[in-house]
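**Student:** Before anything else, here's the structure in question.
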Amino acid sequence: MALATLVKTFLYSTVHAQGRVAVVVASSGIVALLLDGGRTAHSRFKIPMQGLNSTSTCYISKDSELAALLQAVALIVWDEAVMMHMHVFEAIIRSLQDIMAVINLAFKFLPFSGLVVVFGDDFRQILPIVPRGTRGDVVVAALNRSSIWQHVRVFKLHTNMHVQRLLAQGGAHAQVDATRQHAFADYLQPVGEGAERVYPSVGENSILIPHDMCCNGPTVAYLIEEVYGVFLSIVEYVARSAYIIERAILTPLNEDVDHSINSSMTNMHSQSTMARPHNTTCITARILWCMGSTMAFTPLNS
């Protein structure tokens, strides 16, 4: 569990232990499922799905159950906040001000109507999506370009909790795994900050990816072989399922998934002798990451 998640969980639990109300939301459905009592921000605040602009409000009537809930709230926790367009936050503020003004007119003139709001995220990660927008359009749409940002106090978290968890769990390879994860984090930080050396002669925003993060061949077939190579040699069904669940291939482009990876995986599945061939296995977690401003990096030979 990341440190940011621990902080949000601690705040949420503390408020509930005091008998007060906390609302926990996330910008994406997957993250919302991971949060205790979490829902997507669009679901919780009835944010408009289309036509959002600088004057929008949310679909919350003053006499609704949702309005009554928000009037009782002591804390709002919002994960992956920077993924949202700044107009989303401004729409929520306008709606909260109208709802909270029923209790006290002074709330109408306070950002988030005086409520404590905790945003969790990193501006080095995914920013708002602006259809057909330029890089400048995306930057202008970010939360820190909104007028509400002047009311935000920033706290930076520095401890790598994944490394700490590996060390706490112990085991024969704990120190090696922790060292590897720490080195991986140290590599990602300058990439996310745009400080990593780039190689324009190879391609725009191309960086050097360490050899231990690259597969041994230039094609998708080589990558699949490296990630799932022993899959067909595993006879027992449960062991096969566990093997699949622990691995995933991540790619930023849908066309790579549709045309290359999925077709190759389908062919592999057709060769399988699993006892339950029509059972759908959820593929979730592990393997190669390429992160940065364009997420389209080219590995180089040293």
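**Student:** Per Stokes-Einstein, at 20 °C and 1.002 mPa s, what whole-number D in µm² s⁻¹ belongs to segment 59-105, with the Kirkwood radius over Cα pairs as the hydrodynamic radius?
**Tutor:** 184
**Student:** Continuing with the same structure: Expressed as cubic angstrom per residue, what is the convex hull volume of the alpha carbon set of segment 3-151?
**Tutor:** 117
**Student:** Along each of its three principal axes, how wide is the spread of alpha-carbon positions in segment 142-191, in whole angstrom units, largest first?
**Tutor:** Sorted largest first, the three principal extents are 52, 23, 12 Å.
**Student:** How would you classify segment 75-213 from its alpha-carbon gyration tensor, with a ≥ b ≥ c the square roots of the eigenvalues: rounded for a/c under 1.5, else prolate if a/b is greater than b/c, otherwise oblate?
**Tutor:** Cα axes put segment 75-213 in the oblate bin.
**Student:** Can you tell me the length gained on complete extension of the stretch residue 16 to residue 176, counting 0.36 nm per residue apart and subtracting the Cα distance?
**Tutor:** Result: 53.7 nm gained on full extension.
**Student:** Now, a different point. Ranked highest first by the average count of other Cβ atoms within 10 Å around their residues, in what order do 58-65, 159-166 fall?
**Tutor:** Sorting 58-65, 159-166 by mean packing, highest first, produces 159-166, 58-65.
**Student:** Something else: With N set to the residue count of segment 37-125, report its C-alpha Rg divided by 2.2 N^0.38 Å to two decimal places.
**Tutor:** Taking N as the residue count of segment 37-125, the ratio is 1.05.
Laboratory data are not the source of any read-out in this text; all were calculated from the coordinates shown. As the structure is a prediction and not an experimental result, all values here were calculated from the model. Here Cβ is always computed from backbone atoms with ideal geometry, including for glycine, and neighbour counts include all displayed protein chains.
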